[in-house]
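Below is one structure, written out as structure tokens; the observations come after it.
The values are calculated or read from the model by the stated rules, or taken from the named source; none is laboratory data. For clarity, every value in this text was computed on a predicted model and none was experimentally measured. Heads up, the Cβs are rebuilt from the backbone with ideal geometry, glycines too, and the neighbour counts pull from every protein chain shown. All accessible areas refer to the heavy atoms of the entire protein, side chains included, with ligands and DNA or RNA removed. Shrake-Rupley method; radii C 1.70, N 1.55, O 1.52, S 1.80 Å.
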Amino acid sequence: MAMLGTRDVYGDTLVKLGAKNKDIVVLDADLSVSTRTAKFAEAYPERFFNMGIAEQDMISTAAGLATCGKIPFVSTFAVFLAGRAWDQVRQCVCYSEKNVKLVSTHAGITVGEDSATHQANEDIALMRILPNMTVICPADGIETARVIETVAMHKGPVYVRLARCKFPVIYDENYRFRIGKSDMIRDGSQATIIAIGIMVSHAIEAAKRLSEEGIDVRVINMSTVKPIDVKAIHKAALETGAIVTAEEHSIIGGLGSAVSEVIGESNIPCPIKRIGVKDCFGVSGKPEELLEKYCLGVKDIIEAAKDAIKRRSRPCPSA
Amino acid sequence: MSMETGSALINKEERVKMVEKEFDWDGLARDIRRDILRILTKAGSGHTGGSLSIVEILIALYFKKMRHRPDNPDWPDRDRFILSKGHGAPALYSVLARQGYFRLSELDSLRCLCGRLQGHPYCCNTPGVEISTGSLGQGLSVANGIAMAGKLDQRLYRVYALLGDGELQEGQVWEAAMTSAHYRLDNLCALIDYNKLQIDGPVCKIMGIEPVGEKWKAFGWAVRQIDGHSLDEIMDALDWAEREKGRPSMIICNTVKGKGVSFMENKVDYHGVAPTPRELELALAELSGGGDA
Ligand SMILES: Cc1ncc(C[n+]2csc(CCOP(=O)(O)OP(=O)(O)O)c2C)c(N)n1
Ligand SMILES: [Mg+2]
């Protein structure tokens, strides 16, 4: 399977956008080589600002640039962008409604060897709770390109969550992304797996294996976690009767919470099983090892789907 | 009890007078202080001491130095002002209203559910406010961003940021101090309201900031220390800052917290409480005219 780094695509897309749109400026906090904003820095040095290791200053500075019509893309690791500078994001970006794009890399447990200090399993929760914020987590490199192009045109604060490791490519160049619109990758009738980021490709694989066992599940890529695609969630609950959420993030406050909130306030009875990091910090290890250790693998999704199907109050539509 | 609004908006005639130097600047400062005290009492809460200490600084900026258009707050070439110590909002609101950004009568709705003037400056609904502040320590970074955009676009506007002395204890201020110097933001001028007090007591007792001038110099800034209640000294310093090339300038303004009301001056207790109606009466009497007490 072809693999693409979402951060590599981010860096390349920024360079492309920067050629057309002179209002785009980029800020980084001494991680430009890792976040790939260094590519933009090389192409347009006058529009790149390395802020040093000062994330709080970086966010507020970006907001200042935005007051003058600039479109700042601000990047560093997810743990520093969403965590270290949260109050700045809250006051200068969200409350002030400034057109700032926060694009983090190295989100989630797949950061790997650098260990818990660098594994952001809380960033979606931290960003999702902020009024005016849009939260997006692309599933592969192709979608990342579409997302970055889209948010550059979108007016308002956006948080985009990218990873360190490469993701399997699941889309082709014809893929179209729209903020707030989920993508049904595979239809199914007995359960729905709603996933984001790298977990989308795991969900696709799980669905394949489940179908070999005669279990027919739907797979939805919910790349926009906020505003979430309520319609698609209701439809999944109504038509398939059971939901599994899958994210490389804490089961608290992220996609699983968002989907549960939607179902909890609906009148559709539907069991939900959340796959995610279970309220703990990670450890050092290879990304694949950590995905297995924290139960984020294909087999975990398969088990979760079976469990959710067992817990449903109605018989399977196709059973 | 007298609750009348001070003199009305600055009109054209008065503007001409201002230029001709016959204008009663002390009277304007008194009017603004009366606005502050009146609206804080009406609201029943808010920050009195730190609003009274910045009146002359705001007059110098908004009535004398800055090029801005109250009828077109988004004019791209306007000079910018960021009130990093957002709790000084009552003073800013009075000055903005008297400059015509909104009606003077709107001041009465400060902190009211019915009005738009929030307890701390909110940029999305208040004309003339560039960014929301209230959580301290962020304004200088924002000012840097605006100054950087000005350099990129080769616009000639200048950027001003006003910080509290206690606010300097926030680490982000020093991150920003490095940024301003690193990017040689000579279109930026920061001012410190050095009133020597914060919430829990004197700044020197809570977490000392001295030698404050030396600190800014060491961070690469041009630094001047002045009397923050002397319009002439503030104007001199603002002109000096404009001539500074290749580095940002810092004006440390020695001020008195609670300035203008004898029983509020240098009193830590008046940081975050509004005057009672009785205190307002006494304060307005002190500020009722002729000569500064
Ligand atoms: C980040 C942050 N921490 C705490 C506060 C609460 N607070 C409001 S004003 C203030 C004291 C500010 O002192 P100073 O900067 O000296 O202001 P001034 O004396 O001019 O009122 C504090 C701690 C805040 N607004 N923001
Ligand atoms: Mg003070």
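State whether one or more residues within the range B:124-134 are more than 13 Å from chain A (Cβ to nearest Cβ) and surrounded by 24 or more Cβ atoms within 10 Å (Cβ to Cβ).
Within the range B:124-134, none of the residues are more than 13 Å from chain A (Cβ to nearest Cβ) and surrounded by 24 or more Cβ atoms within 10 Å (Cβ to Cβ).
Looking only at the range B:49-61, count every residue that is open to solvent by less than 10 Å² (accessible area, probe 1.4 Å) and more than 9 Å from ligand 1 (Cβ to nearest atom) and tell me the total.
Final tally of qualifying residues: 7.
Go through the range A:216-233 and count every residue that is part of a helix (DSSP H, G or I) and either touching a Cys at 6+ places or on another chain (Cβ under 9 Å) or open to solvent by less than 10 Å² (accessible area, probe 1.4 Å) (or both).
1
Exactly one of (1) farther than 25 Å from residue A:247 by Cβ; (2) more than 13 Å from chain B (Cβ to nearest Cβ); (3) not in a helix (DSSP H, G or I) is unmet by residue A:12. Its number?
That leaves (3) as the condition not met.
For residue A:260, indicate whether it is within 29 Å of residue A:178 (Cα to Cα) and part of a helix (DSSP H, G or I).
yes
Check B:205, B:217 and return the single one that is more than 16 Å from ligand 1 (Cβ to nearest atom) and without any contact (Cβ under 8 Å) to a residue 60 or more places away in the chain.
B:217
Go through (1) surrounded by fewer than 24 Cβ atoms within 10 Å (Cβ to Cβ); (2) within 14 Å of the chain's Cα centre (by Cα); (3) acidic (Asp, Glu) for residue A:213 and report which single condition fails.
All conditions are met except number (2).
Which condition from (1) hydrophobic (A, V, I, L, M, F, W, C); (2) within 14 Å of chain A (Cβ to nearest Cβ); (3) within 16 Å of ligand 2 (Cβ to nearest atom); (4) assigned to a helix (DSSP H, G or I) is the one that residue B:181 breaks?
The one condition residue B:181 does not meet is (3).
Consider residue A:250 carefully, then state whether it is more than 27 Å from residue A:106 (Cα to Cα) and modelled with pLDDT of 95 or more.
The answer is no for residue A:250.
Pairs needed: first member in the range B:114-125, without any contact (Cβ under 8 Å) to a residue 60 or more places away in the chain; second member anywhere, exposed (fewer than 14 other Cβ atoms within 10 Å of the Cβ); C-beta distance under 9 Å; at least 6 residues apart or different chains.
B:116/B:125; B:117/B:125; B:118/B:125
Every residue, every condition in (1) of a type in the set (Ser, Thr, Tyr); (2) over 23 Å from residue A:87 (Cα atoms); (3) modelled with pLDDT under 95; (4) crowded, with 24+ Cβ neighbours inside 10 Å, yes or no:
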| position | (1), (2), (3), (4) |
| --- | --- |
| B:154 | no, yes, no, no |
| B:162 | no, no, no, yes |
| B:168 | no, no, no, no |
| B:172 | no, no, no, yes |
| B:177 | no, no, no, yes |
| B:197 | no, yes, no, yes |
| B:202 | no, yes, no, no |
| B:207 | no, no, no, no |
